[in-house]
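The values are calculated or read from the model by the stated rules, or taken from the named source; none is laboratory data. Because the structure is a prediction, the values reported are computed rather than measured. Don't worry about glycine lacking a Cβ; one is built from the backbone with ideal geometry, like all the others, and counts go over all protein chains shown. These accessible areas exclude ligands, DNA and RNA; they are computed on the full protein's heavy atoms, side chains included. Shrake-Rupley method; radii C 1.70, N 1.55, O 1.52, S 1.80 Å.
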Amino acid sequence: MAPFLAAVLSLLPCATCLATLAAPGWTHRPLLAQSTVRRHASALLTAGAEEPAEEPGSAGSSSNPLLLAAGAAVVLSVAAHAPAFATFASQWSAIGAAGVHGEEFWSAFRFWAFFAIGHVLIKPAVWIGEVLHTSPGPLVGVFPLSFLAANAIVLGLLAIQPKIRSAVSVLALASAINFVGSGLDGTVNNADYNLALDDGVKGCPAYEQVRMPSMDGFDISKYDGRW
């Protein structure tokens, strides 16, 4: 008897639901309408997730003339120094063909890369230092006020203007390519920096190679020894 009563009691909620559905005037349209609203809302949320809104100022390169100009500068830098880059590649190929392989080859290449990249980074730092020491105005600590103001303006523009930030990044790449290319083809003062692997200079010249006729009466042996 107890199991039968338990079964009957368990069916009471279902009976209540059926009675409600059978009651006069009851309609299921609100439920369908709510389901329809939920379905449409879900579709709108899905469409919004698939097509995120474009951030302000994040237009493509076609609407950023500064970025296009910087890209053109990269192409021009590569084209201007293409012969030097080709010669540089052939020189490393010849080094490899001569039997230099493995760590011996890559250690030499890493040393050259360190030298080249070091100059690319040091030159702008030296220039910024010169600007710092020549900036006018009163000092704020150890920095001139005009130098701090110029830095604040530049950093502010880079922070709030994505187009300018993108163009400056690409322009920095063009400058680095031009810097290395100039060091390879010798279009800069070699006393400043020389990145060529073989520019005809084979170590330090001997005394006889640099001796001038005006040095005929100079006795170098008098200056030998410890000073």
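Relative protection proxy for 158-168, 111-121, from highest mean packing down: 158-168, 111-121 (other beta-carbon atoms within 10 angstrom). Most tightly packed first, judged by the mean number of other beta-carbon atoms within 10 Å of their residues, the peptides 175-182, 137-144 read 175-182, 137-144. One decimal place: the segment residue 152-residue 140 gains 2.9 nm when fully extended, by the rule 0.36 nm per residue minus the C-alpha distance. Ratio to report: Rg/Rh of segment 83-217, with Cα atoms as the point set and Rh obtained by the Kirkwood method; give two decimals. Taking Rg over the Kirkwood Rh, I get 1.14.
With R₀ set to 45 Å, the beta-carbon distance separating residue 223 from residue 76 gives a calculated FRET efficiency near 0.30. Extension gain for the segment residue 197 to residue 132, taken as residue separation times 0.36 nm less the Cα-Cα distance, is 19.9 nm to one decimal.
Orientation-averaged projection of segment 70-142 equals 8.4 nm² [convex hull of Cα atoms, one quarter of hull surface area]. Computed in the context of the full set of protein chains, the accessible area of segment 79-149 at 1.4 Å probe radius has 77% of its extent on carbon or sulfur.
Sequence-ordered 3J(HN,Hα) estimates for segment 69-81 from the Karplus curve with 6.51, -1.76 and 1.60 and θ = phi - 60° stand at 5, 5, x, 5, 5, 5, 4, 5, 5, 5, 5, 5, 10 Hz, glycine and proline given as x. About its Cα centre, the dipole of segment 64-218 is roughly 600 debye, where the only charges are +1 on Lys and Arg Cβ and -1 on Asp and Glu Cβ. Hey, with R₀ at 35 Å, roughly what FRET efficiency would residue 172 and residue 209 work out to, going by the Cβ-Cβ distance, to 0.05? The pair residue 172/residue 209 has a calculated efficiency of 0.25. Taken one residue at a time, the phi angles of segment 93-106 give Karplus couplings (6.51, -1.76, 1.60, θ = phi - 60°) of 5, 5, 4, x, 5, 7, x, 8, 9, x, 5, 4, 6, 6 Hz. Gly and Pro are set to x.
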